[in-house]
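Colleague: Can you keep this structure in mind? I'll have questions shortly.
Taken together, the values in this text are just the output of simple stated rules run on the coordinates, not laboratory data. Because the structure is a prediction, the values reported are computed rather than measured. Here Cβ is always computed from backbone atoms with ideal geometry, including for glycine, and neighbour counts include all displayed protein chains.
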Amino acid sequence: MRSLEEYAEEMEIKKIITSMMMSALAFIVAFQWRDVIKETIEVVLPPGEGLGYKWLAAVIFTLIAAGFAMLLVRIHKANIVPDHLEPQKIAAKKIAERRALKKKKKKK
């Protein structure tokens, strides 16, 4: 039976929790920027014609966000970090080594 530590390493609990916390912080930052952008549009645009400009701003920001997301995907696929430094592979290797040691001890 696996220990809790081995299971946690395999599931990468720290990575999941860190990702969730970063997402929550990004959500808070997004709301703050939403208010700033909204007020900027109200100040810059002529009164009475805001809806068309708001649609245009929404489309522009959507395109920028989509481009940034595509850039992040390309960076992720580029495999910048060498294999021997990736946490998943290191953890998997450690688990395999521990299992091999346990099997050797049982055989003796």
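Colleague: So how much slack lies between GLU42 and ILE75, counting 0.36 nm per residue of separation and subtracting their Cα-Cα distance, in nm?
Modeller: 8.3 nm
Colleague: Using a basic spin-label model with each label point 7 Å from the Cα along Cα→Cβ, how many nm lie between ILE17 and ILE90?
Modeller: Each label point lies 7 Å from its Cα, and together they span 1.8 nm.
Colleague: Now for a different question. Give the Kirkwood hydrodynamic radius (Å, one decimal) of region 22-77, defined as one over the mean of 1/r across all pairs of different Cα atoms.
Modeller: 13.0 Å
Colleague: Explain nothing, just compute: Karplus ³J(HN,Hα) = 6.51 cos²θ - 1.76 cosθ + 1.60, θ = phi - 60°, for every residue of region 23-30 in order, whole Hz, x for Gly and Pro.
Modeller: With coefficients 6.51, -1.76 and 1.60, one gets 5, 5, 5, 4, 5, 5, 4, 4 Hz.
Colleague: Sticking with this structure for a sec: Sorting check: for 57-63, 101-107, 17-23, which peptide has the highest mean count of neighbouring beta carbons within 10 Å, and how do the rest follow?
Modeller: Ranking the peptides 57-63, 101-107, 17-23 by packing returns 57-63, 17-23, 101-107.
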